[in-house]
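The next block holds one structure in the form of structure tokens; read it before the comments.
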Amino acid sequence: MIRTRTRITPYLLILPTLVVIGALLFWPMIQIGMLSAQQVGHRQLRGEPAQWVGTDNYTAVLESDLFWSSFMHTVLFAAVAVTLTMAVGTAVGLLLNQLRGRMSNFVAGGVMIAWATPPITAAIVFSWLFGSTGGLANWVLEALPDALVGGGWRDYNWFGSPFPTYVVLTVCVVWQSFPFVAVSVLAGLKSVPGELFEAAKVDGASAWRTFWRITFPLLRPIFLVLLVLSIIWDFKVFTQLFVMSGLANRDAYNLSLFAYAEAFGSMNAKLGLGSAIATVLTVILLVVTALYVRMMVRRGELA
Amino acid sequence: MKTSRLAALAALALVVTGCGSSTGSTDGAAGDGGPPPILTVWQMGPGSPEQTTFLDGVEAEFRKNYPNTDVVIKYVPWSQAATAFQKAAAGGEGPDVTEIGNTDVQSHIEQGNLADISAEVNAWPEGKDLNKGALANDQANGKTYAVPWYGGVRAVWYRKDWFAELNIAVPKSWPELVAAARKIQDTKKVPGIAAPSDQTNAILSFVWANGGDIAAKEGNKWVGKLADPKARQALEFYTGLVRTERVAPDKYVGKNELQGPQQDFALGQLGMYIDGSWALPELKQIKDDSANWGTFPVPGPTGGTAPVFSGGSDLAIWQTTKSKKASFDYITVLNNKRNAQVFADSQKFLPQFTDLLRGSRYASDPLMSAFATAANAGVRFTPTSKGWADYEQSKKVLPNAVKEVMQGASVETACKQADQQAGQLLNP
């Protein structure tokens, strides 16, 4: 009797969590999977039976030119933004670790403000900064000597073509996401025993060498988690791009915006097609993350 | 304590899943349970103090007959309208009465969102004077699902003082429009005219003026017509303002009239731009320079006035309402001739009653006369296909095609691609 009870108890304890996660996460995911094989509009939302269309939605998505340009934008943007976020975040984390007193509070406070800004607010602020009417960026670039930055910035249209749009988007997203990396790195640094750095200093190691030989190996598990999270966040950036260039610039779509345009862009909701794009995006993310985690586990770095 | 919290979580989980599977209400007739305690009315747009005051007055008038009914107004921003209606359809939490954009009416009808109000409209005395063209846009299969409320057309806003100073006459043709823009650009050192790519309804005026159209119904099918020479030439002219004539800047490419042109015009950094009469309150808010502003109708290629798209809003009753009679009674107060005129005046729109439009009040108004002239010269509607919402909103086919051409793509290819999309989207 007692033995069976012990066996069941752990499962009973985990059950409430499983139920909640199941209801809030797994069930919607299953629904999205089902929707992606159906044709779903308003009538179906209201309760009419939906028509099963098999893989039609997926075929339509994969055959669309927009899918491939959106896919390319998503991947390239994530690669650049994640790299920059990690680099800037780590640098600021190291800086915060060195600073003392008022300066430390000042920098930490500034960093927190960027972190606390809601994406929609950040997006609006950046589209004003880079706007053609009264935009600060164009004004500064125009004021700088032409030899340095070239001329004709006054009316420059940052959101007219994909490349400048993504430059602004990258700046905006990195500005918002590096604080989390910085704070996490700082927390990690606080846990590293000071003697190690002192020893390195005594041996005359450069800062660069100290970072790669001491800090980085010790904080590797933290970097791994931060990297995976950053990849996930930067893959699904939506709000900022929607505000900055929106639906009138489909040459700058990423996968999230493409899914939105298909599913919710007009009165004629196409939730099946939107779900298919969302599923594709999820699968890509799972593959990228799984590959990376596997690589790390193999090296025994998570143990 | 702990168990009760767990139980609460589990209950929450159940509630959440319950919400996931939508309730299976059917397309039955809208119910009628007598005077309701609450009547929910959705208004599109951010709302303004004037609008709220106006709606308070309408409510007071309505409550003379429904003393126990509380009218609850909810403002839905235009950009969130599609999502709000989707949620209403999915969750059953719809309004009783709602404003809908006139290009969305056919989609709503097709989706079964709106109650059939044919009998009510026929029995409404003032309903006989509703603008026939606008009312036709609210009908399908011989039934009426909405009534027109207010409307407006676009015209060219220009700097009256600069035109006077530089001796420019109001342009009567496309070459004169370009010449006027160039003169301003050369002397005032600001862009002559704005040609944003994301302004479907203004671009359509040029297409129509040249005798083209965006699509035409052949038999049962909509066929894209942008590649036809007349439409193509019109797009060549519009994109040429940026690309070849260079009297419109490329800073508005990929944008709509509110993302730059409106501010620049109000601030005196732009000679001309195309917008509706409803822009006046917003322009004044940016900078009240209205003594120097004028309007003229979009000209035709060699003269005359270009046909204009009639934008505007309609009023409808949501399918799931429990009080259809009270809802329609509210509409007949909100949109009786007196209230319609008051509201249209405050928002610088035109009411949708034929007798009100013909009145002399518009002919004498310096800013409104251009709009009234344009409206009289002929309003047009976009294709009455339910797929128009996809073409115009989610795919933005015309804006994206125009943008491509402005950035160097060939007009022929862009038009052909747009027509191909029209074939797919307008025949769902």
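Overview of results
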quantity: At R0 = 25 Å, FRET efficiency that the Cβ-Cβ distance of A:Q31 and A:L285 yields, to 0.05; calculated: 0.85
quantity: Prolate/oblate/rounded call for segment A:57-298, Cα gyration tensor, a/c under 1.5 rounded; calculated: oblate
quantity: Over 32 Å between alpha carbons, listed pairs B:K64/B:K284; A:K201/A:K236; B:K128/B:K287; B:K87/B:K324; B:K143/B:K230; B:K183/B:K287; calculated: B:K64/B:K284; A:K201/A:K236; B:K128/B:K287; B:K143/B:K230
quantity: Exposed-loop-free span, longest in chain A, where trypsin sites (Lys or Arg not before Pro) count as exposed if DSSP calls them loop and at most 11 other C-beta atoms lie within 10 Å; calculated: A:101-298
quantity: Carbon and sulfur %, accessible surface of the protein assembly as shown computed with the full protein complex present, 1.4 Å; calculated: 62 percent
quantity: Where trypsin sites (Lys or Arg not before Pro) fall in DSSP loop in segment B:53-86, at most 12 other Cβ within 10 Å; calculated: B:K64
quantity: Accessible area per residue, Å², segment A:154-303 with all protein chains present, probe 1.4 Å; calculated: 45 Å²
quantity: Phi to ³J(HN,Hα) by Karplus 6.51 cos²θ - 1.76 cosθ + 1.60 over segment A:60-68, Hz, x for Gly, Pro; calculated: 4, 5, 5, 7, 6, 4, 4, 4, 6
quantity: Proximal charge balance of B:D314 [Cβ under 13 Å; K/R count +1, D/E count -1]; calculated: -3
quantity: Antiparallel bridge percentage (DSSP; both residues within the protein assembly as shown; nearest 5); calculated: 75 percent
quantity: In Å², nearest 10: area of A:L18 left accessible to a 1.4 Å probe; calculated: 90 Å²
quantity: Trypsin sites (Lys or Arg not before Pro) lying in DSSP loop within segment B:165-267, provided at most 11 other Cβ fall within 10 Å; calculated: B:K189
quantity: Gap separating the Cα centres of segment A:62-76 and segment B:135-162, nearest whole Å; calculated: 38 Å
quantity: Label-to-label distance, nm, for residues given as A:L144 and A:W208 (7 Å Cα→Cβ offset); calculated: 2.5 nm
quantity: Contact order relative to length of chain B, as percent, for alpha carbon pairs under 8 angstrom and 6 or more apart; calculated: 25 percent
quantity: Net charge contributed by nearby residues that have their C-beta within less than 13 Å of A:L141 (K/R +1, D/E -1); calculated: -2
quantity: Volume per residue of the C-alpha convex hull in chain B, rounded to whole Å³; calculated: 182 Å³
quantity: Interchain or long-range residues, amide H under 5 Å from B:D365's placed H; calculated: none
quantity: Separation in nanometres of the label points that stand 7 Å from Cα toward Cβ, at A:T9 and A:F238; calculated: 4.4 nm
quantity: 5 angstrom amide H check on B:Q319, placed H, neighbours 5+ away; calculated: B:L114, B:A115
quantity: Calculated FRET efficiency for the pair A:T59/B:E412, C-beta based, R₀ 22 Å, to 0.05; calculated: 0.15
quantity: MRE, 222 nm, helices only [DSSP H, n ≥ 4, -39500 (n - 2.57), over chain B, to nearest 500]; calculated: -12500 deg cm²/dmol
quantity: Compactness of the protein assembly as shown, expressed as Rg and Dmax over alpha-carbon positions, Å; calculated: 29.5, 103
quantity: Area of A:L271 that stays accessible when all protein chains are in place (1.4 Å probe, Å², to 10); calculated: 20 Å²
quantity: Added length on full extension, which subtracts the Cα-Cα distance from 0.36 nm per residue, A:I21 to A:W115; calculated: 31.1 nm
quantity: Under Karplus coefficients 6.51, -1.76 and 1.60, residue-wise ³J(HN,Hα) of segment A:87-94 in Hz, glycine/proline x; calculated: 5, 5, x, 5, 4, 5, x, 5
quantity: Hz values of 3J(HN,Hα) by residue in segment B:180-186 - Karplus curve (6.51, -1.76, 1.60), Gly and Pro given as x; calculated: 4, 4, 5, 4, 5, 4, 6
quantity: Chain A, relative contact order [Cα under 8 Å, separation at least 6], %; calculated: 30 percent
quantity: Segment B:354-416-segment B:163-196 distance, computed between alpha-carbon centres (Å); calculated: 22 Å
quantity: Per-pair calculated FRET efficiency, R0 = 35 Å: B:K87 and B:R338 via Cβ, rounded to 0.05; calculated: 0.55
quantity: Distance between modelled label sites at B:S346 and B:K64, nm, 7 Å Cα→Cβ extension; calculated: 1.8 nm
quantity: For segment A:175-236 versus segment B:79-107, the gap between their alpha-carbon centres in whole angstrom; calculated: 50 Å
quantity: Under-5 Å amide H pairs with B:V72, H placed in peptide plane, nonlocal only; calculated: B:L39, B:T40, B:V41
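The values are calculated or read from the model by the stated rules, or taken from the named source; none is laboratory data. Just so we're clear, the structure is a prediction, and the values are computed from it rather than from any experiment. Don't worry about glycine lacking a Cβ; one is built from the backbone with ideal geometry, like all the others, and counts go over all protein chains shown. The area values use the complete protein model at the heavy-atom level, side chains included, leaving out ligands, DNA and RNA. Shrake-Rupley method; radii C 1.70, N 1.55, O 1.52, S 1.80 Å.
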